[in-house]
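Notes to accompany the following structure.
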Amino acid sequence: MTDTHALQAREKQEVQGESTRPGPVFRPDVDIWEHGDAYVVYADLPGVDEGSIDVRLDRGSLTLDAQLATTPESDWRPLHSEYRFGSFHREFRISEDIDAAAVSARMRDGVLELHLPKAAEHQPRTIAVQAG
C-alpha cells in the first residue's frame, strides 16, 4: 500500500535567463489569498533574514528580491552540498485597487507575509434594503 500523502523532496526552481546577478536566482513559491478587504501573499524564503529582503511596489508591479546568506566561513569547503546559495526574485502585476500606502510586510520562520489592503472604494460592502 502506498501513501499518497507522503512528503516528497522538491528542488528550488531557478529563474531561467537571469544573468544580471552573481550566482543562481531562485523563484520562491507563493500562496495568494483574497479576503474581503485585502490580499495576502505568503512567499517561501528559506535561509533569508528580514534585512536581506527588498519589496517594491511601483506602477502596478510588486517585486520581491531576497539574498540568501553565504557559507558560514569563507575558508570552508563543502564535502557534500544539497542546498544551493543564491538569491530569490519574483514579480507580480497587481490591480489598481490596492491601497499602496497601507501595504505591509512581515517575515517569520522563512515565510514572508505581504498584506495588500484594498482601497476603500474597492472593498465589498453590504447594501441595506429598506421596506417600501
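If each residue of separation counts as 0.36 nm, what is the full-extension length gain between Asp37 and Asp65 once their alpha-carbon separation is subtracted?
Additional length available on full extension: 7.5 nm.
So between Glu113 and Gln130, what do we pick up on full extension, going 0.36 nm a residue minus the alpha carbon distance?
2.0 nm
Net charge within 14 Å of Ala105 by Cβ-Cβ distance, Lys/Arg positive one each and Asp/Glu negative one each, not counting Ala105 itself?
Net local charge, Ala105 excluded: -1.
Give the Rg (one decimal place) followed by the Dmax (whole number) of the stretch 51-132, computed from C-alpha coordinates and expressed in Å.
Expressed in Å, the Cα Rg and Dmax of the stretch 51-132 come to 20.6, 82.
Read-outs: derived from the displayed coordinates by stated rules, not from any lab. Only a predicted model underlies this, so the values are computations on that prediction, with no experimental measurement involved. Neighbour counts run over all protein chains shown; Cβ positions are idealised from the backbone, glycine included.
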